[in-house]
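Coordinate-derived values only; no laboratory data. Owing to the predicted nature of the structure, the values given are computational and were not obtained by experimental measurement. A quick note on method: Cβ atoms are made from the backbone with ideal geometry, for glycine too, and the neighbour counts reach across all protein chains shown.
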Ligand code: FES
Ligand code: FES
């Protein structure tokens, strides 16, 4: 059946069953491949996107639950010419090794910084606690989020 979604500010229509996970629709139908499939069980965080600014795990979220709420994926944060401060900071801190977790880390960090623009390191660690990085890059990732918060403070 046809289902309408609003993704990154654009209305999209997809042909899918209502119980299809949002992640599958984003990747397979809309070719937005920033969100990754990791566990498929809401345990790793790499599929994270924002719905009305709240981080959710798209691998376990049926599209029927989205309705007309705005979905933001990492493709909606910045552009190659104008990176989002979090994307810039992840590059500057070299906070990705394989990069598989990066989408989820950045999307949850965005929710955190939107809510708490100048977080403490403890708050950043707490905000990202549900995200797994199999490369063990946690310290660089936390530094990148702190750096983005500082950059935000200057703009
Ligand atoms: S793929 Fe969604 S939480 Fe792991
Ligand atoms: S950078 Fe490889 S999983 Fe995090």
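Checking the conditions here, which among 67, 78, 99 is within 16 Å of ligand 1 (Cβ to nearest atom), assigned to a loop (DSSP other than H, G, I, E, B) and without any contact (Cβ under 8 Å) to a residue 40 or more places away in the chain? Talk me through it step by step, then tell me what you get.
Working: 67 fails: within 16 Å of ligand 1 (Cβ to nearest atom); 78 fails: within 16 Å of ligand 1 (Cβ to nearest atom).
99 is the lone residue from the list that is within 16 Å of ligand 1 (Cβ to nearest atom), assigned to a loop (DSSP other than H, G, I, E, B) and without any contact (Cβ under 8 Å) to a residue 40 or more places away in the chain.
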Discussion item. Looking at residue 3 and the list (1) in contact with a strand residue (DSSP E or B) (Cβ under 6 Å, 6 or more places away or on another chain); (2) closer than 20 Å to residue 131 by Cβ, which single condition is not satisfied?
Written reply: (2)
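Any residue that is in contact (Cβ under 8 Å) with a residue 24 or more places away in the chain and under 19 Å from residue 133 (Cβ atoms) - is there at least one of those in segment 8-17? Break it down into steps so the answer makes sense when it comes.
Of all residues in segment 8-17, those in contact (Cβ under 8 Å) with a residue 24 or more places away in the chain come to 8-9, 14, 16.
Restricting the remaining residues to those that are under 19 Å from residue 133 (Cβ atoms) gives none.
No, because not a single residue in segment 8-17 is in contact (Cβ under 8 Å) with a residue 24 or more places away in the chain and under 19 Å from residue 133 (Cβ atoms).
Keeping to segment 37-55, report how many residues are assigned to a strand (DSSP E or B) and within 16 Å of ligand 2 (Cβ to nearest atom).
Of the residues in segment 37-55, 1 are assigned to a strand (DSSP E or B) and within 16 Å of ligand 2 (Cβ to nearest atom).
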